[in-house]
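Here's the structure, in structure tokens; my notes come after.
The values are calculated or read from the model by the stated rules, or taken from the named source; none is laboratory data. What you are looking at is a predicted structure, and each value in this text was computed from that prediction instead of being measured. Please note: Cβ atoms are built from the backbone with ideal geometry, for glycine as well, and neighbour counts cover all protein chains shown. SASA here: full protein model, heavy atoms, side chains in, ligands and nucleic acids out. Shrake-Rupley method; radii C 1.70, N 1.55, O 1.52, S 1.80 Å.
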Amino acid sequence: KDGVVRKQGRAVLGLVCINAVVRAGAAKPDLSTPDKVKAAILGARAISHATPGETPSGTHMGKLIEKLGIADAMKGKIIHRPALAGGVQLVASGEAEMGFYPKSEVINTDGLAVVGPLPAGIQLTTIYGAAVTAGSAVPDAGAAFIALMSDPAHRAAWTHAGFDPPGK
């Protein structure tokens, strides 16, 4: 709504896309097109992603499996577990061959290799931003904090944490 945040002191901090992960050392499937994603999912012994309806990425993956027309073929081959609640361990242990999670939740996890993002046409991108509210009692401090967080000098820290640069 207009007037909720100040026009000054706003920034997009980073973008987080859903990425596929495999066990470290495993072959990385080609996920360059929706058809190749479909083939990789169908060819996996088991995959993991968050539970549809519980997280944005889980909901997206549930809808994507339906959209790709492979829901019936994947019955019994999908393990619903959020990345940070054991999903990444399912992949690292080999119980699931592939996982699909926000990059920021999997990028620096021992035992995993990031395959890469889903193709643009089937991707879910979460935009992380910050703004000073219009009613803030300390707008200058808020704007200074946002300026610090969005300073290009700190981009490496955001990238290390799995956040792609704005405008990518």
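Quick notes
- Note on Thr59 and Ala153: the model spin-label points, each 7 Å out from Cα along the C-beta direction, lie 3.9 nm apart.
- A dipole drawn for the chain from +1 and -1 charges on Cβ atoms has a positive end, and of Gly116, Ala85, Val138 the residue lying farthest that way is Gly116.
- Of all DSSP beta bridges confined to the chain, the antiparallel ones make up roughly 70%.
- Flagged links, alpha-carbon separation over 27 Å, of Lys38/Lys103; Lys7/Lys67; Lys28/Lys67: Lys7/Lys67
- Size of charge dipole - segment 54-121 - debye, nearest 20, with Cβ of Lys, Arg +1 and Asp, Glu -1, no other charges: 180
- Mean accessible surface per residue for the chain, computed with a 1.4 Å probe while every protein chain stays in place, in Å²: 54
- Of all accessible heavy-atom area on segment 82-168, the percent that carbon and sulfur account for (1.4 Å): 61
- Separation in nanometres of the label points that stand 7 Å from Cα toward Cβ, at Ala144 and Thr125: 3.3
- Over all pairs of different C-alpha atoms, the chain has a mean inverse distance whose reciprocal, the Kirkwood radius, equals 17.2 Å.
- Most mobile listed residue (Ile107, Ile65, Ile18) in the chain, GNM with C-alpha springs under 10 Å: Ile65
- When shorter helices are ignored and each DSSP H run of at least 4 residues is given -39500 (n - 2.57), the per-residue value for the chain at 222 nm works out to -8500 deg cm²/dmol.
- Once both labels are positioned 7 Å from their Cα atoms along Cα-to-Cβ, the gap between Ile70 and Ala85 label points is 2.5 nm.
- Gaussian network model of the chain, Cα within-10 Å springs - most flexible of Lys36, Lys75, Lys63: Lys75
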